[in-house]
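**Student:** The structure is given below, and queries will be raised subsequently.
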Amino acid sequence: METTSISMINTILNMDFAQIFVALQVLSFLLFFVMIFFLPKLMVWQANRRITSVLTELKAYHNDAEEYFLQGMKPLNGFEERYRSMKNFQFSQPTGLDPAGMVGRLENVLDASEGKFKRFVENNADTEDEEELADLNMAFKGVMGTHQIHKVMEHFQKLIQKTRNFQVVTLVQMMLPIYTELAESQKGATRAFADNAPIGDTIGPLVAAKMIEGEPEEISENIVHSEEEISNQNVHVVKSKGPGARLGKYGDALEQIAEENDLQAIITVDAASKFESEETGTVNEGVGVMMGGPGVEKSKIEDVATEHDVPLEGVVIKQSAPEASKPMKKEIFDAWKPAMKKTKVIASEYEGDVAVVGVGNTCGVGNTRESVRGTHNKLRKYWKEYEQQEDDDVSYMGLMSIMGGPDQSQQKDMINSVIWKGLR
C-alpha cells in the first residue's frame, strides 16, 4: 500500500505543467455540470431547512402572544371555533380604479373591521371594563398578526417545495429576517397591550397628556380634547382616549375645533422611523401631518388644514419600527420633555389659537398630566429586560424601507399583505 502511494506521488511529480493544466480543465468542466444539476437542489434544501427553523421561531412567537391575550381575555364557553375563524380574518382593500372617494371607502372598510373586532372581544371576554376591552381588542390584533405571518411563511415553504424555483428561494431568504422581526415586535406589542403598558408609538399621546391640566371632553370617536392656556396662549390639546389602547378619529376632532376656533397652526406629535445612524429618542421638527397608518385620518387633517388655511407643523420622536410596537424604551420615554419643549416653542411662533395633536396608540397613558405621573413605573420591568439584551441588531424592516431596486414594490406588498390583515 505504501509502495502504491509513493508511486502515485512520483507520477504526479513527473507530469509536466501542460498535463496538470489539462487535468484541471477536465475536472473543472465536470464540476461545472455537476453544479448545474445539484446547486439548485442544494439551495432549495438549504432554504427549506432555514424556513423550517424560522417557522419554529414564528410559532413560538404566536404561542407567546396567544398566551398573553388569553390570560387577559378569560374567554367564555364556545370561544374556540369563533377564535379560530377570527384569527384567519381577511381584509379586502377598496378598489383604486376610481380614485374619487377613495378615502371614504377605505374609512368605511376600516370602521367595519374595527367594529367586528370590538364585537368579538366584547361578546367573549370575561370583563365589561371599557379600558380592559380596548386593550384586549389591540392585543387580539397582535395575535392575529403573528398567526398571519406564520401562515405566509408556511405558504412560501410549500411554494418552494413544489416549484423549486430559484428566484422564489432568493426572494424568500431575503424576506425571512423581516418577517421574523415583524412577528417578534407583534408579540411584544401583544404583551404590552395585555399589560396596559405604553409602547413606543404611545410617545405622542404621552406628550399631549403632559400638557393637559383639567379633565378633557370626548370630542369625536375615541378622541379627547382640552383647551389649555400655555404661556398666555390658547392651546387645543387633542389625543386618543386613554388609558385603554385606542387610536380614534383625529380628523373629525380637528374639523370641529377648526370650525369653532380661528386656528393659526396644527402641530402633530408622533413617533417616526429612524435611520440606523440616529439615536433612539431623538426629537426633530418638520412640516406636514406626522402620522402613519392607512392614511385616512392624515388625509382628513390635511383637508381641514387646507380648507381653513392652517399651517401644518410637526414634532417627531425617532425610533425603529420594532421599537414603536414594543413596550416603550427608556430613551423614548425620556424624550417627552424635549418633545413637549419643542412643541411649545413651535406654538409660540404663532399668535392666536394652536392645536396640538398627540398621535398614536394611547395604551397605558391616561388623559391628564396627573394620570400619567406613574407611567414610568409600568415600564421599569421592561427597561430591565432591555438592559440585558443586545441593542446592536440591525432593523431589517428599516433596512428594506430605504433600499431601492426593482423588487422594492414587491417586498412592500409582501409586508403590507400581513400588516393590512392584522393592524389598522
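**Student:** Kindly indicate which of N165, N232 is more than 25 Å from E285 (Cα to Cα), surrounded by fewer than 20 Cβ atoms within 10 Å (Cβ to Cβ) and either modelled with pLDDT of 95 or more or out of contact with any Pro (no Cβ under 6 Å at 6 or more places or on another chain) (or both).
**Tutor:** Just one listed residue meets the conditions, N165.
**Student:** Might you let me know whether region 195-209 holds any residue that is under 16 Å from the mean Cα position of the chain (by Cα) and either farther than 22 Å from G314 by Cβ or part of a strand (DSSP E or B) (or both)?
**Tutor:** Yes, region 195-209 contains a residue that is under 16 Å from the mean Cα position of the chain (by Cα) and either farther than 22 Å from G314 by Cβ or part of a strand (DSSP E or B) (or both).
**Student:** What pairs can you find where one residue is in region 67-93 and over 15 Å from Q148 (Cα atoms) and in the same structural domain as N124 (by TED's automatic domain parsing), the other is of a type in the set (S, T, N, Q) and part of a helix (DSSP H, G or I), and their Cβ atoms are less than 8 Å apart, with a gap of 6+ or different chains?
**Tutor:** Qualifying pairs under 8 Å: Y68/T190; F69/T190; M73/N124; P75/N124; L76/N124; F79/N124; R82/N124.
**Student:** Is it the case that T268 is hydroxyl-bearing (S, T, Y), at pLDDT 95 or above and over 20 Å from S348 (Cα atoms)?
**Tutor:** For T268, the condition - hydroxyl-bearing (S, T, Y), at pLDDT 95 or above and over 20 Å from S348 (Cα atoms) - is not met.
**Student:** Continuing with the same structure: Yes or no: region 151-172 includes at least one residue that is in contact (Cβ under 8 Å) with a residue 40 or more places away in the chain, closer than 28 Å to T362 by Cβ and β-branched (V, I, T).
**Tutor:** No: region 151-172 contains no residue that is in contact (Cβ under 8 Å) with a residue 40 or more places away in the chain, closer than 28 Å to T362 by Cβ and β-branched (V, I, T).
**Student:** If you don't mind, another one. Could you list, in sequence order, the residues of region 217-226 that are in a strand (DSSP E or B) and crowded, with 16+ Cβ neighbours inside 10 Å?
**Tutor:** The answer is I219, S220, I223, V224, H225, S226.
**Student:** If you scan region 77-92, which residues turn out to be assigned to a helix (DSSP H, G or I) and either closer than 24 Å to N108 by Cβ or not aromatic (F, W, Y) (or both)?
**Tutor:** First pass over region 77-92, keeping only residues assigned to a helix (DSSP H, G or I): 79-87.
If the condition is that a residue be assigned to a helix (DSSP H, G or I) and either closer than 24 Å to N108 by Cβ or not aromatic (F, W, Y) (or both), then E80, E81, R82, R84, S85, M86, K87 are the ones that fit.
**Student:** So, one more: Are there helices (runs of 4 or more DSSP H) fully within region 258-357 with at least 2 residues that are in the same structural domain as I219 (by TED's automatic domain parsing) and within 17 Å of K210 (Cβ to Cβ)? List them.
**Tutor:** 330-333, 336-348
**Student:** When you scan region 33-44, do you find a residue that is surrounded by fewer than 16 Cβ atoms within 10 Å (Cβ to Cβ), at pLDDT 90 or above and not basic (K, R), even just one?
**Tutor:** Taking every residue of region 33-44 in turn, none turns out to be surrounded by fewer than 16 Cβ atoms within 10 Å (Cβ to Cβ), at pLDDT 90 or above and not basic (K, R).
**Student:** It is to be established whether one or more residues within region 137-148 are over 18 Å from N361 (Cα atoms), free of Cβ contacts under 8 Å to residues at least 12 places away in the same chain and assigned to a helix (DSSP H, G or I).
**Tutor:** no
**Student:** Which of the residues that make up region 263-314 are under 23 Å from M328 (Cα atoms) and among the basic types (K, R)?
**Tutor:** K274
The values are calculated or read from the model by the stated rules, or taken from the named source; none is laboratory data. If you're wondering where the values come from, they're calculated on a predicted model, not measured in any experiment. With ideal geometry, Cβ positions are generated from the backbone for all residues, glycine too; neighbour counts draw on all protein chains shown.
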